[in-house]
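What follows is a set of notes on a single structure, which appears directly below.
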Amino acid sequence: MTNAAVEMKAASLGVRRRPHVRFGRLLLVTASLIVAGAALLPLAFLLLQAVQVGWTELWSVLWRPLTATLLWNTVRLTVCVTIGAAVIGVAAAWCTERTDLPLRRLWTVLLVLPLAVPDFVLGFGWNSLAPGVYGFWGSVLVMTTGSYPLVYLPVAAALRSADPDLEDVARTLGSRRALAFARTVLQQIRPALLGGCLVVSLILLAEFGTFEILRFQTFSTEIFNEFEIGFNTPAACALSLVLVAIGLCLLVTEVVVRGPGVPRRGLGRPPRRARLGKLSPLVMIALAALVGVSIGVPLWAIVYWFVQGSSSTLPATSLAHAALATAAYCSAAAAISTFAAVPVALLVERRRTRLSMLLERSTYIVLALPGLVVALALGYFSVRYFPTLYQSSGELVFTYAVMFFPLALVVMRGSVAQAPAGLEDVARTLGHGRASIFLRITLPLLLPGLLAAFALVFLVASTELTATLLLHPTGVETLATQFWAYTSDFSYGAAAPYALTLMLVAMVPGVMLGFWFERIGGRRAAS
Amino acid sequence: MTAIEVNGLEKSFGERHVLRQLSFSVPEGSLTAILGPSGSGKTTLLRTIAGLERADGGTVALGGRVVDGSGVFVPPERRLIGYVPQEGALFPHLNVVSNIAFGLEHGRRWRRPGADDERVRELLDVTGLTGLERRLPHQLSGGERQRVALARALAPSSGIVLLDEPLSSLDAELRTSLRLELVDVLRRSSATAVLVTHDQDEALSMSDSIVLLRQGTIVQQAGPVELYGRPATPEAARFVGYSNLLRGRIERGAARCSLGWVRLDLADVPPDGTAVEILVRPEQIRLVDAGANGSAADGVVARRDFHGHDVLLRVRLDGGPGEDVIVRLRGPEAPGVGQHVRLQADAAAAAWPLP
């Protein structure tokens with residue numbers, strides 16, 4: 001560019017008072033506030049209801065022996081399952097990331113795959129084959145084996161990027177290997193581990209189908225009963241507020257326990273792997289058992305009921321329709337949440353202030369709410385302000401997007417950390433404008449994360465039950481609602497094809513997620 | 001002709017006043033180092049010149065045209081200044097050629113320049129990266145990465161490159177060799193370069209001019225020889241190289257201090273009777289025999305640091321107020337700790353009147 005051209009540009013730009021760095025920040029904050037606002041709609045609904053019903057009425061609903069039972073059930077279940085998932089998740093992550101286990105890549109994908117099995121299908125599998133699996137311990141078994149991948153994924157990723165030098169230094173200071181691992185590595189994976197545990201415990205609070213099948217009473221099942229059977233909105237709201245309170249406790253606990261973030265450093269070399277030696281077959285058997293329990297059992301049950309069940313038919317048309325509806329709703333919802341997670345993730349990672357942290361944290365609370373409550377909330381607002389939307393496909397999609405937005409955010413945050421702002425600065429000095437930088441630098445670097453967030457939301461949304469039951473457009477069924485309808489009638493044979501199709505539909509993003517994880521881990525370890 | 005002219009630059013981040021009234025200029029085709037301890041505002045200064053930060057006051061001019069200040073702000077993408085940040089910041093998803101060609105895409109969107117582009121070839125050649133065209137950043141060594149970052153910065157540039165501690169992440173050996181290489185590449189491409197560093201060796205050996213920065217203000221700007229030989233203030237003297245700063249008084253045109261009489265090698269000697277602080281570099285002090293002529297001082301060797309090519313002695317002077325002086329000697333025959341020595345100073349490099 002000639003000097004005269006530079007001068008002209010300079011003159012034309014002189015009018016602008018502020019550089020557009022500020023403008024970008026404003027845009028980011030605005031977008032994030034809108035997203036957080038949408039994510040907080042369910043909470044707003046609950047508070048509105050509470051005010052309408054009045055505190056005395058709420059208090060009388062809550063001050064019952066039933067509440068104590070529910071609280072005891074929910075708390076002990078949350079504690080047991082979270083600890084179980086944490087132990088299994090960390091152990092499995094260590095096996096695939098820090099040992100010389102044979103067939104590591106295959107194990108990695110297999111260990112993520114249980115995400116593709118809806119928890120209620122897992123519960124159905126166990127309970128229908130072994131009726132002894134029910135109640136508290138049955139629920140602990142099913143939920144632990146179903147949700148450990150949510151701990152495994154972030155912990156394995158953190159183990160890959162953990163600095164092996166620290167471990168070495170700890171060993172030279174006289175720690176034995178196990179102690180060295182505990183002191184340094186556990187310290188480094190702590191944020192990832194706590195993040196995983198948080199998601200597991202929040203999802204537990206909201207889970208309904210599994211506990212209904214396993215005949216275990218939690219807040220979530222009781223809220224459903226109060227509402228569906230008694231049409232008792234005040235009671236449902238009061239119980240939901242207790243869930244919100246528990247969720248808030250969990251969120252605060254996580255922040256307090258996590259403490260300040262551990263700075264992560266790019267690795268020079270891959271970490272050393274422990275030699276398993278003679279233990280290798282034992283570890284393989286243990287992992288195979290884990291995969292068998294979490295994938296094998298439901299598969300076996302589905303095949304068994306399909307072959308044995310007197311009610312089996314293969315309703316090809318309705319199956320195809322339900323599969324199509326599921327795929328359409330879930331991909332639309334996944335796209336929306338992933339898209340919405342980008343500005344929030346950018347804001348939290350690049351401008352870490354109290355406000356941005358609070359904004360991010362506040363969106364997690366929706367994970368603790370049963371789908372039914374979220375659906376009630378959004379239904380309430382749509383009837384009031386957008387009556388044409390009520391029970392439309394659009395509303396269901398939006399509900400899914402709100403419900404699972406936090407999951408997309410968790411994945412996107414990790415992804416944004418891979419695309420530091422420094423790269424964009426350099427790109428600007430090389431003469432590229434805002435749009436060009438986004439297309440050529442930011443987007444390609446975020447793409448794997450976008451796909452992973454999309455896959456995760458798709459996966460979880462495809463198994464959604466209670467919100468769908470309330471909001472689905474007339475005449476449209478999803479795989480989950482059809483499965484639910486048949487199992488409620490004990491028509492296991494008819495239900496089986498829906499469960500199988502559901503697992504197949506979920507398998508695609510599940511495998512995608514596994515491969516994405518393989519890739520980012522590989523790149524991170526190498527760079 | 002001046003390539004960069006900074007005048008009265010001011011920058012604060014909230015309460016923190018990072019740059020205060022900075023003024024200096026960089027001649028075209030020269031290599032200027034900005035030397036200062038960490039936290040002195042070096043990186044902020046560089047980012048302001050690049051346009052990544054906007055000045056709160058003062059002006060930045062490139063090639064005589066104001067790009068920041070007096071109501072004007074030219075964004076970084078229109079300044080076309082090459083910028084090499086600390087860790088290189090290569091685009092991890094692009095190979096060597098695409099990284100280098102990234103800044104050449106301007107105005108030719110239908111076809112991205114590749115390895116066959118003349119400018120890319122030239123830069124690969126100049127930086128010695130031929131043969132590595134298809135490698136991704138994580139497949140390169142630290143030195144190679146820095147060379148790619150430099151080539152990328154040079155590619156579209158208006159002839160100005162800013163380097164932010166480009167060698168700090170490398171090990172000592174690679175650092176020395178890459179230092180020479182960088183200077184070579186910059187000279188061959190006749191670029192104007194501004195290098196930020198906290199390493200005085202780097203600044204002294206690479207640059208034509210050094211801006212000494214401390215807490216956001218300029219202590220001195222001078223060529224390396226002048227900065228070392230004629231520092232403007234005791235502070236500048238202390239920051240660049242080893243220095244003996246001794247208190248004394250001017251008598252008969254020379255300084256009288258704990259080293260005895262020291263000749264002042266200066267154009268303007270302060271009048272007799274002035275209390276002064278003088279600077280004597282370690283290599284301006286010699287060991288002399290006990291019976292030698294002239295003014296000398298006795299002391300005991302308190303410490304001996306062997307560096308191979310030379311030896312640094314810390315000598316505690318007898319009878320004085322406990323002053324230590326540092327002496328640089330050549331060769332391994334230097335006296336050991338505890339030995340008595342007699343010192344003589346050739347001349348002082350500078351003298352500043354004390355208030």
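Please treat every number below as a calculation from the coordinates, not as lab data. Predicted model only: the values in this text are computed from it and were never measured. When we count neighbours, we look across all protein chains shown, and the Cβ atoms used for this are built from the backbone with ideal geometry, even at glycine.
Values as computed for the structure displayed
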read-out	value
Ranked by how many other beta carbons lie within 10 Å on average, peptides A:467-476, A:399-408 from highest	A:399-408, A:467-476
Phi-based couplings in Hz for segment A:340-351 (Karplus 6.51, -1.76, 1.60; Gly and Pro marked x)	5, 6, 4, x, 5, 4, 4, 5, 5, 6, 9, 10
Nearest-0.05 FRET efficiency for A:Cys249 and A:Thr67, computed from C-beta distance (R0 22 Å)	0.85
Neighbour-count order for A:Ile83, B:Ile34, A:Ile365, B:Ile160, fewest beta carbons within 10 angstrom listed first	A:Ile83, A:Ile365, B:Ile160, B:Ile34
Between segment A:415-453 and segment B:312-355, the Cα center-to-center distance that results, in Å	57 Å
For chain A, with +1 on Lys and Arg beta carbons and -1 on Asp and Glu, the positive-most of A:Ala345, A:Pro298, A:Phe211 along the dipole	A:Ala345
Cut-off 20 Å (backbone N to label point 7 Å along Cα→Cβ of B:Asp268), residues of segment B:318-355	B:348-355
Proxy reagent accessibility, fewest Cβ within 10 Å first, across B:His309, B:His93, B:His138	B:His309, B:His138, B:His93
Nitroxide proxy distance, nm - points 7 Å out along Cα→Cβ at A:Phe438 and B:Arg249	7.4 nm
Long-range HN-HN contacts of B:Glu323 with modeled amide H, under 5 Å	B:Leu317
Residue mean of other protein chain beta carbons inside 10 Å, B:67-75	6
DSSP bridge orientation in the protein assembly as shown - percent antiparallel, rounded to nearest 5	75 percent
Charge tally in the Cβ shell below 11 Å around B:Ala89, where Lys, Arg are +1 and Asp, Glu are -1, B:Ala89 excluded	-2
GNM top mover of B:Pro231, B:Pro332, B:Pro137 - chain B, alpha-carbon springs below 10 Å	B:Pro332
Relative contact order for segment B:31-92, counting Cα pairs under 8 Å that sit 6 or more residues apart, in percent	22 percent
Using a Förster distance of 22 Å, the FRET efficiency for A:Ala91-A:Val257 (Cβ separation, nearest 0.05)	0.60
Point-charge dipole on Cβ atoms (K/R +1, D/E -1) for the protein assembly as shown, about Cα centre, debye to 20	340 debye
Residues A:Trp516, A:Trp107, sorted so that the one with the fewest Cβ neighbours within 10 Å comes first	A:Trp107, A:Trp516
Within chain A: Cβ-based charge dipole about Cα centre, in debye rounded to nearest 20 (Lys, Arg +1; Asp, Glu -1)	2600 debye
Highest-MSF residue in chain B out of B:Ala334, B:Ala345, B:Ala153 [GNM, Cα springs under 10 Å]	B:Ala334
Peptide A:430-438 - average C-beta neighbours from other chains (10 Å radius)	6
Peptide A:449-459, shielding by other chains (average Cβ, 10 Å cutoff)	0
Segment B:259-355 - charge dipole about Cα centre, Lys and Arg +1 at Cβ, Asp and Glu -1, debye rounded to 20	300 debye
Residues in segment A:207-235 that a label on A:Val51 would reach, taking backbone N under 18 Å of a point 7 Å out along Cα→Cβ	A:234
Residue (of B:Thr130, B:Gly248, B:Gly338) at the positive-pole extreme of chain B, dipole from beta-carbon charges	B:Thr130
Hydrodynamic radius of the protein assembly as shown per Kirkwood, over alpha carbon pairs, in Å	32.1 Å
Segment A:412-423 - phi-based ³J(HN,Hα) in whole Hz, Karplus 6.51/-1.76/1.60, Gly and Pro as x	5, 4, x, 6, 5, 4, 7, 10, x, 5, x, 5
Antiparallel bridges, percent of DSSP beta bridges restricted to chain B (to nearest 5)	75 percent
Residue-by-residue Karplus 3J(HN,Hα) for segment B:217-234, coefficients 6.51, -1.76, 1.60, Hz, glycine and proline x	10, 8, 7, 6, 10, 6, x, x, 5, 5, 4, 6, x, 9, x, 6, 9, x
Average Cα contact separation per residue, chain B, under 8 Å, 6 or more apart, as relative contact order %	16 percent
Chain A: relative contact order as a whole-number percent, Cα under 8 Å and 6+ apart	23 percent
Cβ-Cβ FRET estimate between A:Leu279 and A:Val307, R0 fixed at 41 Å, reported to 0.05	0.60
